[in-house]
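Take a look at the structure below.
The values are calculated or read from the model by the stated rules, or taken from the named source; none is laboratory data. Computed from a prediction, not measured in an experiment: that's the story for all the values here. Every residue, glycine among them, receives a Cβ derived from its backbone with ideal geometry; neighbour counts consider all protein chains shown.
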Amino acid sequence: METDIQPRGEPGFAGDDRVLPFEVDGLDARGRAVQLGPMIDSILSRHDYPEPVARLLAEAIALTVLLGTSLKFEGRLIVQTKGDGPVDMLVADFSTPGNLRAYARFDEDRLAGAQAAGMTSSAELLGRGVLAFTIDQGEYMQRYQGIVEMNGDTLEAMAETYFRQSEQIPTIVRLAVAELIDRDSDGKPRHSWRAGGIVVQFLPHAPERMRQPDLPGGDAPEGIDDRMHDDDDSWAEAKALVSTVQPGELTDPEVGAERLLYRLFHERGAKIYPPVPVLDKCSCSRERLGDVLSGFSTEELRDSVEDGEITVQCEFCSTAYRFDPSEFGA
């Protein structure tokens, strides 16, 4: 079901933590927009990440939910960076229909040094390395993985490089993160995180303009460089419009995804589709971790025992699972 864009406050307003798909026929473009509130605040607050790390991970989360909600099958999308910078790894793991977990790994001493030196851009914190997009359709299907070097000053630029080099899909990405500080009903300071993003792709219908898929494994001709679309008037207009988006518009709860899309594309008659909710939900479980421990040797199990039990903590959601060594014959 599709609808015209509706102003904020009227029925159909998506709100926080819901990805809004849309299509702009007049520009042969389609995309998704999102504002993340309680969901992303829960993930970041749980780990109490330093501010630069929290911002990086929030951008990765926004990017992942924008792309993950486009999956048309049951599966997972994993977006991961691996580099030699102070933040050597970001992982955002999306499972259909809308479950997200995320984690960042960093070196405290190197991060402190980078902050002291004012070297806190995305490129400086991530360093040299790779950005990987992995699509997993289950144990009976082969995984797809696209990998590009982390070239660019921002995660936005790195993602656009991925789509240009690996998928040959003209794409523009905008991401933003906001750290909000207000006061609760008792007048005490209160801190929360918000994030937002929009991704727009050029997907012309006309065969002579080479219709291309928005998922790997589609019918896109091989060896096509999206630079050939740079002179296309429709794509040039779409890029120009999205380039005007300010960070505050992506995170301000008073703007909302519908209002933003109206500002950008109302002259072209944008259409929106039902929003997709996203949740802070980890896939870990005691049973799964127990299966992992069952593969340990007796010596490895003994080395894992502390105070008479084996404790395993999930890096994503910080849940601690406790096991009696006798469960594994140790």
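Brief remarks follow.
- Filter result (part of a helix (DSSP H, G or I) and either crowded, with 21+ Cβ neighbours inside 10 Å or not assigned by TED's automatic domain parsing to the domain that holds A104 (or both)) within region 122-155: S122, L125, L126, L155
- When F296, F316 are screened for being touching a strand residue (DSSP E or B) at 6+ places or on another chain (Cβ under 6 Å), surrounded by 15 or more Cβ atoms within 10 Å (Cβ to Cβ) and more than 30 Å from S243 (Cβ to Cβ), only F316 passes.
- Subset tally (residues that are polar (S, T, N, Q), surrounded by fewer than 23 Cβ atoms within 10 Å (Cβ to Cβ) and within 28 Å of D232 (Cα to Cα)) for region 181-205: 0
- Of all residues in region 172-190, those satisfying the criterion of being assigned to a strand (DSSP E or B) and without any contact (Cβ under 8 Å) to a residue 40 or more places away in the chain are L180, I181, D182, R183, P189, R190.
- Only residues that are in a loop (DSSP other than H, G, I, E, B) and within 20 Å of F94 (Cα to Cα) were counted across region 286-326, and they come to 6.
- Residue match in region 208-220 (condition: in contact with a helix residue (DSSP H, G or I) (Cβ under 9 Å, 6 or more places away or on another chain) and either at pLDDT 60 or above or surrounded by fewer than 10 Cβ atoms within 10 Å (Cβ to Cβ) (or both)): no
- Of residues in region 282-314 being in contact with an Asp or Glu (Cβ under 9 Å, 6 or more places away or on another chain) and of a type in the set (A, V, I, L, M), the one nearest to P97 (Cα to Cα): L293
- Region 246-285: number of residues that are part of a helix (DSSP H, G or I), touching a Phe, Trp or Tyr at 6+ places or on another chain (Cβ under 8 Å) and among the aliphatic types (A, V, I, L, M): 1
- Subset of region 106-120 (residues that are surrounded by 13 or more Cβ atoms within 10 Å (Cβ to Cβ), at pLDDT 95 or above and of a type outside the set (A, V, I, L, M, F, W, C)): D107, R110, Q115
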